[in-house]
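Colleague: Pasting a structure here, questions to come.
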Amino acid sequence: MSDHTSILRSPLILGNKSYSDVTEDVALPLDRSPGKEWWMAFAVSSSMLFLGLAAVTYQVMTGIGTWGLNNTVGWAFDITNFVFWIGIGHAGTLISAILFLFRQKWRTSVNRSAEAMTIFAVICAGIFPIIHMGRPWLAFWVVPYPNLRGPLWVNFRSPLVWDMFAIGTYFTISLVFWFVGLIPDLATLRDRTASNIKKKFYGLLSLGWDGSNRTWLRYETVYLLLAGLATPLVVSVHTIVSWDFATSVIPGWHTTIFPPYFVAGAVFSGFAMVLTLMIIARTVLHFEEYITLHHIESMGKIIIATGGMVALAYLTELFVAMYSGNEYERFAFINRMFGPYAWAYWIMVSCNVLSPQLLWLKKVRTNVTLVFLLSLAINVGMWFERFVIITISLTRDYLPASWDVYAPTLIEIATLIGSFGLFLTLFLLFTRILPMIAIGEVKGVLSYGRASHEAPKAEGRYVSAAHERVPGGVR
Amino acid sequence: MAETTYRIQAPASLPVTTEFSPRALRMFLLLVLAGSAFVVSGLALDSPRIWPNLLLAGFYVVGIGLAAGFLVAVSYISNAGWLTAIRRVPEAMASNVYVGGLWMIMLLAGVHSLYEWSHTETVAADALLQKKEFWLNVPFFSVRTIAYAVLWSLFTYLLVHTSRLQDETGEVTLTLRNRAIAAVFTVVFTLTFWIASMDWIMSLEPHWYSTIFGIYNFSGTFTSGVAAVTVAVIALRRRGYLKEFVRDDHLHDLGKLLFAFSTFWMYIWFSQYLLIWYANIPEETAYFLKRETAGWGTFTILVLLFNWVIPFIALMPRSAKRSEGVLLRVSIVVLVGHWIDLFWMILPTFMPGSPSFSIWELGPIVLAAGLVCLVTVRSLTRARLIPVNDPMLLESLTYHS
Amino acid sequence: MSRRLFIAYFKDEQDIVEATKAAGAAGHEILDAYTPYAVHGLDKAMGLKPSRLPWVCLIFGLLGATAKLWFQVWTSAFNWPVNIGGKPLASIPAFVPVTFEITVLFAGLGTVGAFFLVSRLRPGRKPAVSYDRATNDRFVLVLVERDASFDLQKTTDLFKRHGCVKVEERLEAEE
């Protein structure tokens, strides 16, 4: 917060909205009956979901043998999907927590949807380790509870147990964070809706919120605390995911850079997914004045930054493999680049390292279609990154006699499609029942940058505001 | 409030060169001279001891400069308005890149005293070092060292120069230009710094490698840079220089940065430790084993205490981040901690077993401290203490943290 | 007993902050303000003390950390020690990740729980008071008319000067 806003700042929300305009604009899609586009999207996504359900049912009833795993490659497609979805689930908390702490005000237009996306992505991710257990009804065994087997506790020295705690905590805290953020907006909807059912629904969830400033003060404190907690949490989650691999001794898995590298990759892929969804949403639901080109540009810049970190990590791994003089390390990377799965490696490099470089150009950053295509490319690239790390490293490790190849079966592919179906179905339902944009938060930044944007321009160059107001001038 | 701000903001008539008492400058110069004499006699009397300490101090100085420059660059890229009022301090501190870079280049004279791989007879007897010869050889190493120093100095100069130019012309386009320079600098810096830290420090133990090493050094260096900027800001404020501009809100943000990056350092430290401890591969574990046994084990605890435990606990309350006294003390703890951290990285190679301290540790410290103070203060006198024409200035002067 | 409440509606955040300051300076008892979003500076104008929830967060966090670290050491090294991969039974580095997660979980849930408790928020509760458009686009300031000296006209004028768009009086039953 500043009493004065620099002339370099521009308004976050366009169209000179009033407070009630914001309420109406965001609530409008909830009042309208869903259009043809929505039904079509819903039909497609729910079919994908049913396909996935069928595949998972078949797999659970038949066994893990329905997957393409073999003695050498015990982790492949499903763990790739798991890491992919968890990565997607990082942008929401990043936008709501880290950007909040860094006072990036533009986050207010996208944080709600990004947080929803986080929760749905974590749900999708959680499915994979559970179905990989083969007997998912025994999944509760990973939880330490007193039992009659000793009690035999879980092994707290195992990264897989850490993972369970990390994902569980992350899901819970993200959900709570999201819900706390929703309360004031739900109260707004409760107070404006005419429908009785909706009033009951929003009334139940808004917990009797009345906008009292005493409550707002505590609310702000809680929000700050949750942001402070969620920031290290989001970092810890992907760190622990990376430890699933890095605590081993497999070349290509065991390397100390994994924690920050995975976190950067997660944020990178998460932002790509936020861009994909937000670009669709702003077009379909006409939120162009809320999710402006400025927002898309800012997210594009974060993509450059995190993409740069990912590229740096690739480079570091390559360089150190060579520097180490360790022949297994060296081979792991030669195998990635020129082995039987070289195509996957080069898809990864072109999507994650090369394509984001286009975003350095303002022309590209402000071209919505191009940004959309780039975000799709990054989604693909980041999926392949996990595939490259997980599968390729396993196919050829220390003992050439045990080398093998891996190819996914149709069941595995159908499961991946099903997870996308689940994700999209949940997201589509979300757009129908909850406000997609944080109404209260957007109102808080509504007037931001408006006055300064009308600052004087002289001969095509700005004159500094500070300069003008100094009595007698500076020079 | 606005009125008073503006009046002080126009120090146009103030001759910039007399802003600091010549006494302070003389004292810093004296420190530098004393330190140099110390170092020279150390080289004559106990050179195996002084070289690693010179490496430590040189890396410290260039790191302070780079961290300050990086802070300025990031504030440009991310539109962080709050820093504007105090930006001249990190800008001045960035000048340490020039002397630090020069220091690292001069250190090439001691390459044989420092690096095992620089001796051809050692390499001839070591199969692994032969595999690394493509990278670890004296000519290429020297070229790289010079290249780092030149690149970093170039970008530091461009950033600071453009910012100061704005004082004269008041053109907002200079902010935009600096934003572009900052973006390129960030890329160059991240691409070179991690290799530089591997070259200068990791290759002291040439059999060992860790991919996170560059990030680890970045985290420590940046934290110490923020601490140095904080100390300088508080020192200036106490002497009345920045008093009207730096409010508790600025300190609060510096405190938050310090808190966050100290924690980031801990995260990276632990990531490296846990993975090496867990996988327990002999050639990796050797590094930590050396630092866990005998006296070095106690020293490792000091590293963690100074770099994270103390700053973390001390800076947790909001009031602490806004308090000049607490922030100053914590910053000094972090600065000492960074020295301990570098000592912990560099010295075990030269004194396996237990750490011991001698009078020769002091020489490079005195020299480095004197240089950093002298360079920073002299650089501060070369420009206005406040970027008077920066479009973000007013925002920075009035914001609430 | 009942008390009379004086309610002023504003259209803008700046107006209500200034009006609240003025009301405080004039010696009025400010009951509360109702706003569609968190207005910065209003808490100071109302003279509210900073929330003590950070303490709750800290205590719950410490509780989670100690409990979970103890639990891991107890299960792994005492209750049923199993040698796995030659790692020490009480492998403190390996216990850090889970300890951290539980610290965050406890701190987060504890803070939000305490927040709901002190703010009396619970599912299905009806809002205690309701002011027209306070969750949409009106900023509402509520004063208590403490005694007979309360001058309705003067107060109304005071607020009108600060851009008040509507005033209203309500009788509130007080327990």
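The values are calculated or read from the model by the stated rules, or taken from the named source; none is laboratory data. What you are looking at is a predicted structure, and each value in this text was computed from that prediction instead of being measured. Ideal geometry is used to build each Cβ from the backbone, glycine not excepted, and the neighbour counts take in all protein chains shown.
Colleague: Restricting attention to segment A:304-331, which residues are under 29 Å from the mean Cα position of the chain (by Cα), in contact (Cβ under 8 Å) with a residue 24 or more places away in the chain and within 19 Å of B:Tyr209 (Cβ to Cβ)?
Modeller: Within segment A:304-331, A:Ala313, A:Tyr314, A:Thr316, A:Glu317 qualify.
Colleague: Taking segment C:35-72 as the search range and keeping residues that are at the interface with another protein chain (Cβ under 9 Å from one of its Cβ atoms), surrounded by 15 or more Cβ atoms within 10 Å (Cβ to Cβ) and out of contact with any helix residue (DSSP H, G or I) (no Cβ under 7 Å at 6 or more places or on another chain), which one is nearest to A:Arg103 (Cα to Cα)?
Modeller: The extreme case among them is C:Leu58.
Colleague: If you scan segment C:117-137, which residues turn out to be more than 7 Å from chain A (Cβ to nearest Cβ) and among the hydrophobic types (A, V, I, L, M, F, W, C)?
Modeller: C:Leu117
Colleague: Considering every residue within segment B:228-247, establish whether at least one is in contact with a Ser or Thr (Cβ under 9 Å, 6 or more places away or on another chain), of a type in the set (Gly, Ala, Ser) and in contact (Cβ under 8 Å) with a residue 12 or more places away in the chain.
Modeller: Yes, segment B:228-247 contains at least one residue that is in contact with a Ser or Thr (Cβ under 9 Å, 6 or more places away or on another chain), of a type in the set (Gly, Ala, Ser) and in contact (Cβ under 8 Å) with a residue 12 or more places away in the chain.
Colleague: May I pose another question? Can you give me the number of residues within segment A:254-277 that are more than 14 Å from chain B (Cβ to nearest Cβ), buried (at least 24 other Cβ atoms within 10 Å of the Cβ) and either β-branched (Val, Ile, Thr) or closer than 18 Å to A:Arg432 by Cα (or both)?
Modeller: 2
Colleague: Ok, one more. Report, by residue number, each residue of segment B:213-264 that is closer than 24 Å to B:Val61 by Cβ and outside any helix (DSSP H, G or I).
Modeller: B:Arg239, B:Tyr241, B:Leu242
Colleague: Restricting segment B:310-344 to residues that are of a type in the set (A, V, I, L, M) and within 22 Å of B:Phe357 (Cβ to Cβ), which is nearest to the chain's Cα centre (by Cα)?
Modeller: The extreme case among them is B:Leu335.
Colleague: Going through segment C:103-116 one residue at a time, which ones are of a type in the set (Val, Ile, Thr) and more than 7 Å from every other protein chain (Cβ to nearest Cβ)?
Modeller: C:Thr103 - this is the single residue of segment C:103-116 that is of a type in the set (Val, Ile, Thr) and more than 7 Å from every other protein chain (Cβ to nearest Cβ).
Colleague: Continuing with this model, one more query. Determine which member of the set B:Arg179, B:Arg164 is at pLDDT below 90, in a helix (DSSP H, G or I) and not small (Gly, Ala, Ser).
Modeller: None of the others qualify; the one that does is B:Arg164.
Colleague: Oh, and also: Under the condition of being touching a Pro at 6+ places or on another chain (Cβ under 8 Å) and either in a loop (DSSP other than H, G, I, E, B) or modelled with pLDDT under 80 (or both), which residue from segment C:134-159 is surrounded by the most Cβ atoms within 10 Å (Cβ to Cβ)?
Modeller: Ranking the qualifying residues of segment C:134-159, first place goes to C:Thr135.
Colleague: Only one of B:Glu121, B:Glu116, B:Glu168 is at the interface with another protein chain (Cβ under 10 Å from one of its Cβ atoms) and either closer than 30 Å to B:Met351 by Cα or of a type outside the set (Gly, Ala, Ser) (or both); which?
Modeller: On inspection, the qualifying residue turns out to be B:Glu168.
Colleague: Give the residues of segment A:180-214 that are of a type in the set (S, T, N, Q), more than 7 Å from chain C (Cβ to nearest Cβ) and either under 27 Å from the mean Cα position of the chain (by Cα) or within 20 Å of C:Val142 (Cβ to Cβ) (or both), sorted by residue number.
Modeller: A:Ser206
Colleague: Would you call A:Arg218 basic (Lys, Arg), at the interface with chain C (Cβ under 7 Å from one of its Cβ atoms) and crowded, with 18+ Cβ neighbours inside 10 Å? Break it down stepwise before answering.
Modeller: Numbers: basic (Lys, Arg): yes; at the interface with chain C (Cβ under 7 Å from one of its Cβ atoms): yes; crowded, with 18+ Cβ neighbours inside 10 Å: yes.
Against the criterion (basic (Lys, Arg), at the interface with chain C (Cβ under 7 Å from one of its Cβ atoms) and crowded, with 18+ Cβ neighbours inside 10 Å), A:Arg218 qualifies.
Colleague: Same structure again: Is there a residue being facing another protein chain (nearest Cβ under 10 Å), in a loop (DSSP other than H, G, I, E, B) and touching a Pro at 6+ places or on another chain (Cβ under 7 Å) anywhere in segment C:74-84?
Modeller: The answer is yes; a qualifying residue exists.
Colleague: Picking from A:Gly168, A:Gly203, which residue would you name as being of a type in the set (Gly, Ala, Ser), assigned to a helix (DSSP H, G or I), free of Cβ contacts under 8 Å to residues at least 24 places away in the same chain and over 30 Å from A:Asn352 (Cα atoms)?
Modeller: Numbers: A:Gly168 fails: over 30 Å from A:Asn352 (Cα atoms).
A:Gly203 is the lone residue from the list that is of a type in the set (Gly, Ala, Ser), assigned to a helix (DSSP H, G or I), free of Cβ contacts under 8 Å to residues at least 24 places away in the same chain and over 30 Å from A:Asn352 (Cα atoms).
Colleague: Can you tell me which residues in segment B:171-220 are more than 8 Å from chain A (Cβ to nearest Cβ) and among the acidic types (Asp, Glu)?
Modeller: B:Asp199, B:Glu205
Colleague: Go through segment C:107-130 and count every residue that is among the aromatic types (Phe, Trp, Tyr) and buried (at least 19 other Cβ atoms within 10 Å of the Cβ). Lay out the reasoning, then the answer.
Modeller: From segment C:107-130, those among the aromatic types (Phe, Trp, Tyr) are C:115-116; that's our starting set.
The next check asks that each one be buried (at least 19 other Cβ atoms within 10 Å of the Cβ); those that pass are C:115.
Within segment C:107-130, residues that are among the aromatic types (Phe, Trp, Tyr) and buried (at least 19 other Cβ atoms within 10 Å of the Cβ) number 1.
Colleague: Can I ask one more? Looking at (1) out of contact with any strand residue (DSSP E or B) (no Cβ under 7 Å at 6 or more places or on another chain); (2) surrounded by fewer than 13 Cβ atoms within 10 Å (Cβ to Cβ); (3) more than 9 Å from every other protein chain (Cβ to nearest Cβ); (4) not aliphatic (A, V, I, L, M), find the lone condition where C:His162 falls short.
Modeller: Here C:His162 clears every test but (2).
Colleague: A further question on this structure: Given B:Ala85, B:Ala67, which one is within 24 Å of B:Leu257 (Cα to Cα), surrounded by 21 or more Cβ atoms within 10 Å (Cβ to Cβ), modelled with pLDDT under 90 and not aromatic (Phe, Trp, Tyr)?
Modeller: Matching residue, one of B:Ala85, B:Ala67: B:Ala85.
Okay, residues lined up against (1) part of a loop (DSSP other than H, G, I, E, B); (2) not aromatic (Phe, Trp, Tyr):
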| residue | (1), (2) |
| --- | --- |
| A:Leu14 | yes, yes |
| A:Ala27 | no, yes |
| A:Val56 | no, yes |
| A:Met61 | no, yes |
| A:Asn70 | yes, yes |
| A:Ile79 | no, yes |
| A:Phe84 | no, no |
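Colleague: May I ask you to verify whether B:Phe299 is touching a helix residue (DSSP H, G or I) at 6+ places or on another chain (Cβ under 8 Å), within 14 Å of chain A (Cβ to nearest Cβ) and assigned to a helix (DSSP H, G or I)?
Modeller: No, not satisfied.
Colleague: Within segment A:309-325, track down each residue that is facing chain B (nearest Cβ under 7 Å) and hydrophobic (A, V, I, L, M, F, W, C).
Modeller: Hits for segment A:309-325 are A:Leu312, A:Val320.
Colleague: Run A:Leu358 past the list (1) crowded, with 19+ Cβ neighbours inside 10 Å; (2) modelled with pLDDT of 90 or more and report the number of the one that doesn't hold.
Modeller: (1)
Colleague: Let me ask something else about it. Take C:Val17 and tell me if it is farther than 30 Å from A:Pro151 by Cα and either part of a helix (DSSP H, G or I) or at pLDDT 90 or above (or both). If you could, list the steps in order and put the result at the bottom.
Modeller: Details: farther than 30 Å from A:Pro151 by Cα: yes; either part of a helix (DSSP H, G or I) or at pLDDT 90 or above (or both): yes.
Considered against the rule, which asks whether it is farther than 30 Å from A:Pro151 by Cα and either part of a helix (DSSP H, G or I) or at pLDDT 90 or above (or both), C:Val17 comes out as yes.
Colleague: Can I ask one more? Considering each residue of segment B:273-284, count those that are out of contact with any helix residue (DSSP H, G or I) (no Cβ under 6 Å at 6 or more places or on another chain) and either assigned to a helix (DSSP H, G or I) or small (Gly, Ala, Ser) (or both), and give that number.
Modeller: Here the count works out to 5.
Colleague: OK, next. Considering only segment A:132-169, how many residues are within 22 Å of A:Ile119 (Cα to Cα), in contact with a helix residue (DSSP H, G or I) (Cβ under 7 Å, 6 or more places away or on another chain) and facing another protein chain (nearest Cβ under 8 Å)?
Modeller: 5
Colleague: Let me ask something else about it. Hey, could you check segment B:265-281 for residues that are hydrophobic (A, V, I, L, M, F, W, C) and surrounded by fewer than 21 Cβ atoms within 10 Å (Cβ to Cβ) and say which is nearest to B:Leu385 (Cα to Cα)? Reasoning before the result, please.
Modeller: We begin by selecting, within segment B:265-281, every residue hydrophobic (A, V, I, L, M, F, W, C); these are B:265-266, B:268-270, B:274-277, B:279, B:281.
Next cut, surrounded by fewer than 21 Cβ atoms within 10 Å (Cβ to Cβ) only: B:266, B:269-270, B:277, B:279, B:281.
Working: B:Met266: 34, B:Trp269: 36, B:Phe270: 39, B:Trp277: 48, B:Ala279: 52, B:Ile281: 53 Å.
Among those that are hydrophobic (A, V, I, L, M, F, W, C) and surrounded by fewer than 21 Cβ atoms within 10 Å (Cβ to Cβ), it is B:Met266.
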